[in-house]
Amino acid sequence: MKTLFRDVRLLDPATGRDGPGSLLVVDGRIAALDPADPPSDAAVIEGAGLCLCPGLVDLRVGLREPGEEHKESLATLAARAAAGGVTTLVALPDTAPPLDQPALVEFVSRRAASFGSLTVLPMGAATKGCAGRELAEMGLLREAGAVAFSDGRRAIAEARTMRLALAYAAAFGAMVVQHPEEPSLVAGAVATEGLFASSLGLPAAPAAAEAILVARDIRLAELTGGHVHFSPVSTGEALTLIRDAKARGVRVTCDTAPPYFDLNETAIGEWRTYARLSPPLRSEADRLAVLAALADGTIDAIGSDHQPQDTDAKRLPFALAEPGGVGVETLLAVTLSTVHNGHLGLLDAIALLTSRPAALLGLEAGRLVPGAPADLCLFDLDRGWQIRADDLIGPSRNTPFDGRAVQGRVVGTWKAGVRVFG
Amino acid sequence: MADGGFGRLIGRKRHLLGIAGLEPRAVAGVLDLAETYISLARKGGARDVLRGRTVLNLFFETSTRTRTSFELAGKRLGADVITMSPSGSAMAKGESLLDTATTLNAMAIDVLVVRHDQAGTAALLAQKVDASVINAGDGAHEHPTQALVDALTIRRRRGRLAGLTVAICGDVLHSRVARSNVRLLTMMGSRVRLCAPPTLLPAGAAEWGVEVFTDLRAALRDADVVMMLRLQRERMSRAFVPSAREYFRFYGLSPDKLALAKPDALVMHPGPMNRGVEIDSSVADDLAHSVIEEQVEMGVAVRMAVLDLLVRDLRRNA
């Protein structure tokens, strides 16, 4: 099967290419860029100047299957990912039960693959049950396909356990993904400490809870030679620590999620539980610091931190609502706001969604080169639309961006050369 | 308030969810009306402005004086008053808050008075119920009728709120009474001081337009009004302060500390008091200063005024 994308604006951050061209797909892989003599039997997609980039690689997605399928099944996730231009995603292991058994890791990736539109790369649990005490069977999990290790939305609290996890995971060439909030400081808190939370009377924790854990774990990465990855980072203070540690040669990387560069704590307004996130939304100064760290390369990737919650989990008093927002479908559009607002160049923004997360995990996805899988995202850079919770694929529509006007829309998504959206 | 009604308009109903959003004119107006209800609140007797109306007190947290004063206020104005608390309601059996709201809608309640341990609950219910909602305390957020009670008590004793120095002392971090009072008193031109141990001061409090103290003696100096806040026992077990006796030594209102305030300073407490923790019994009972009993009395009059204003608006929109 052959497909020719004609008259597209090719965006390939890995090679720095941004310009008009064409791309030929043969049998699910990219065969050539700008073929001089394209085969006459190829199906033709007329791009009319739309952008064609590698299918997005979303580095941070919360699964609800197994365990909470009423919030989101893998089938629904696959449909949402296709609508968002996402063809590969990295899944957190904090499902119910957690992904601490090789069979569970295989189940998730195989079941997701059965839909044909999406590659799900599960992280394995760093500790048994994601409970933070004993190490999980990292070697066996790695053989089963785990691409990294993490306790998901729960920080690995004890320094000793974190030390062991970093040292042990390094032997299997995997990074440890840490949720950067010092657990005892943030226990019970649902907002960032400051005037805004105090006025609403919400239990709050200091933004420094992030830097405190990041500082410790950077030191532990130095001690062990392991690779620590903080996900998602939301404060300027933590980013300063990460920037300095990278300059010293420590094996530290990080990602952030769209809410942390597009929203600040005032999005909570009067108790909007869709804006209850973990970590909580931060001050405007922190939002600007995240944008600066995206621009200077300190942040390695943007993950959606997709966390579906149904209305039963959200229609509650603010502090009783479950944290998290959905984000796979809106990942590209909200990220492109950084381009339209002049904070990032287009290729730099796309790199944070494709080649850079792929490089972190050594994936062959995320590039437009001959031989790479034909995972592709066709989008209209300029088309304006409004994100509306009701328009999202259900059952969980808990977007913190409800009502946000954005510019940039996915027009089509291809997985291994097959059109799966648009 | 720009549209002339009292309270916050959500959908087609007006609600008193907090002091935030009220204008000085509205606060003065409700206090003026409450003045006219004081003798009626004392004696009881027939007023029928709420006749045929149903007021539901829904208290998810225990309360004696707020609940009782809403009951009395409703009855004195001729309303049917029902009180529900979690142990006696379906809520205790796991019914969700919004299912409760749906049930209430089917019962055609006119006014819902709600207290809950979670900030924002009154606002959430106001979105979902057909009744006018009065916030009788939501977590550490607001307790607007208590602030109105305190303002009326001060105004009757001093004739004004503007220009007075009011020291609010104690567990400010967890106090909805403190937040509502700060909003009301700063709006009405009082000089507000907050005093607490550093572990019980909310972050950013200095930006509320108040002076912040951690030394009670300094906070009390030349104060016209001293408001003491309740220190809940469970705050001690979570180690915000080391012990009750240490708290009393440094943050309890004793006669020697009160002597630093103006000679005729008023002493207030929203109740219930922890004698020997935040306030010395001899101060609480010293009628030369303490207006704590009067606060309770004003409670009924203020709540009558609030019910009256909200129901007037229901009538207008009927």
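Laboratory data are not the source of any read-out in this text; all were calculated from the coordinates shown. Because the structure is predicted, anything quoted here is derived from the model rather than measured. All Cβ positions, glycine included, derive from the backbone under ideal geometry; neighbour counts span all protein chains shown.
Using the beta-carbon distance between A:ALA171 and B:THR62 and R0 = 51 Å, what value does 1/(1 + (r/R0)^6) give for FRET efficiency, to the nearest 0.05? The value I calculate is 0.35. Kirkwood radius for the stretch A:53-92, taken over all pairs of different Cα atoms as the inverse mean of 1/r, rounds to 10.4 Å.
Take each residue of peptide B:136-143, count the partner chain Cβ atoms within 10 Å of its Cβ, and average: the result is 4. Note on chain B: with a GNM built from Cα contacts shorter than 10 Å, the maximum mean-square fluctuation among B:ALA265, B:ALA73, B:ALA162 falls on B:ALA162. Proximity of backbone amide H atoms, modeled 1.01 Å from N, is registered between B:THR165 and B:ARG191, B:ASP224, B:VAL225 at under 5 Å, excluding neighbours fewer than 5 places apart on the same chain. Our note on the geometry: Cα centres of the stretch A:46-73 and the stretch A:152-196, 25 Å apart.
Once every Cα of the protein assembly as shown carries one equal point scatterer and solvent is ignored, give the base-10 log of I(q)/I(0) from the Debye formula at q = 0.11 Å⁻¹, two decimals. Treating every Cα as an identical point scatterer, log10 I(q)/I(0) equals -1.11. Relative to the longest principal Cα axis of chain B, at what angle does helix B:65-76 sit, 0 to 90 degrees, rounded to 10? In chain B, helix B:65-76 runs at an angle near 40 degrees to the longest axis. Each Lys and Arg contributes +1 and each Asp and Glu -1, all at the Cβ; summed about the Cα centre of the stretch A:286-384, the dipole is approximately 100 debye.
Considering only C-alpha atoms, what is the centroid distance from the stretch A:1-45 to the stretch B:216-288, in Å? The two parts, judged by their Cα centres, are 77 Å apart.
Sort the stretch B:225-312 into rounded, prolate or oblate with this rule: let a ≥ b ≥ c be the square roots of the eigenvalues of the Cα gyration tensor; rounded if a/c is under 1.5, and if a/c is not under 1.5, prolate when a/b is larger than b/c, oblate otherwise. The shape class here is oblate. By definition, a body whose alpha carbon gyration tensor gives a ≥ b ≥ c is prolate when a/c is 1.5 or more and a/b is larger than b/c, and chain A fits this prolate description. Computed over the Cα atoms of the stretch A:368-410, the ratio of the radius of gyration to the Kirkwood radius (Rg/Rh) comes to 1.15. Look at the dipole of the protein assembly as shown built from charges on Cβ: of B:VAL210, A:VAL369, A:GLN101, the Cα furthest out on the positive end belongs to B:VAL210.
Could you work out the helix-only [θ] at 222 nm for chain A, with each DSSP H run of four or more residues adding -39,500 (n - 2.57) and the total divided by the number of residues, to the nearest 500 deg cm²/dmol? About -8500 deg cm²/dmol. Selection among B:LEU310, B:PHE240, B:VAL277 by position relative to the dipole of the stretch B:239-317 gives B:LEU310 as farthest towards the positive end (Cβ unit charges, Cα centre).
State, as an integer percentage, the relative contact order of chain B based on alpha-carbon contacts under 8 Å between residues 6 or more apart. That works out to 20 percent. Counting only DSSP H runs of at least 4 residues, each contributing -39500 (n - 2.57), and dividing by the residue count of chain B, the helix-based mean residue ellipticity at 222 nm comes to -12000 deg cm²/dmol. The 3J(HN,Hα) values that the Karplus relation (6.51, -1.76, 1.60; θ = phi - 60°) gives for the stretch A:312-329 are, in residue order, 4, 8, 10, 7, 8, x, 3, 6, 8, 6, 6, x, x, x, 6, x, 4, 5 Hz. Gly and Pro appear as x. Simple rule: put +1 on each Lys or Arg Cβ and -1 on each Asp or Glu Cβ in the stretch A:1-62, find the dipole, and look at A:ALA43, A:VAL57, A:ILE30; the Cα lying farthest toward the positive end is A:VAL57. Among the residues of A:318-329, the average count of other protein chain beta-carbon atoms within 10 Å of the residue beta-carbon is 2. Relative to the longest principal axis of the Cα atoms of chain A, the long axis of helix A:159-171 makes an angle of roughly 30 degrees. Shape index of the stretch A:132-177: Rg/Rh, with Rg the Cα radius of gyration and Rh the Kirkwood radius from the inverse mean 1/r over Cα pairs, equals 0.93. Computed over chain A with a Gaussian network model linking Cα atoms closer than 10 Å, the most mobile of A:ALA159, A:ALA170, A:ALA78 is A:ALA159. Among the listed pairs A:LYS71/A:LYS314; A:LYS314/A:LYS415; B:LYS43/B:LYS75; A:LYS314/B:LYS128; B:LYS13/B:LYS128, those with a Cα-Cα distance over 22 Å are A:LYS314/A:LYS415. Exposure proxy ranking for A:ILE302, A:ILE45, based on other Cβ atoms within 10 angstrom of each Cβ and starting from the fewest, stands as A:ILE45, A:ILE302. Computed over the Cα atoms of the stretch A:283-411, the ratio of the radius of gyration to the Kirkwood radius (Rg/Rh) comes to 0.99. One quarter of the surface of the convex hull around the alpha-carbon atoms of the stretch A:143-269 equals 8.3 nm², the direction-averaged projected area.
Under a GNM of chain A (C-alpha, springs under 10 Å), which listed residue has the highest mean-square fluctuation: A:ARG287, A:ARG160, A:ARG388? Maximum fluctuation in the GNM of chain A, among the listed residues, is at A:ARG160. If you wrap chain B in the convex hull of its Cα atoms and look at it from every side, the mean projected area works out to 15.7 nm².
Specify whether the C-alpha gyration tensor of the stretch B:116-219 places it in the rounded, prolate or oblate class, a ≥ b ≥ c being the square roots of the eigenvalues: rounded for a/c under 1.5, otherwise prolate if a/b is larger than b/c and oblate if not. Verdict is oblate for the stretch B:116-219. Compactness of the stretch B:172-318 is given as radius of gyration and Dmax, 16.9, 57 Å, from Cα positions. Taking every residue in A:189-201 and counting other chain Cβ atoms within 10 Å of its Cβ, the average works out to 6. Around the Cα centre of the stretch A:244-304, unit charges on the Cβ atoms of Lys, Arg, Asp and Glu (plus for the first two, minus for the last two) sum to a dipole of about 200 debye.
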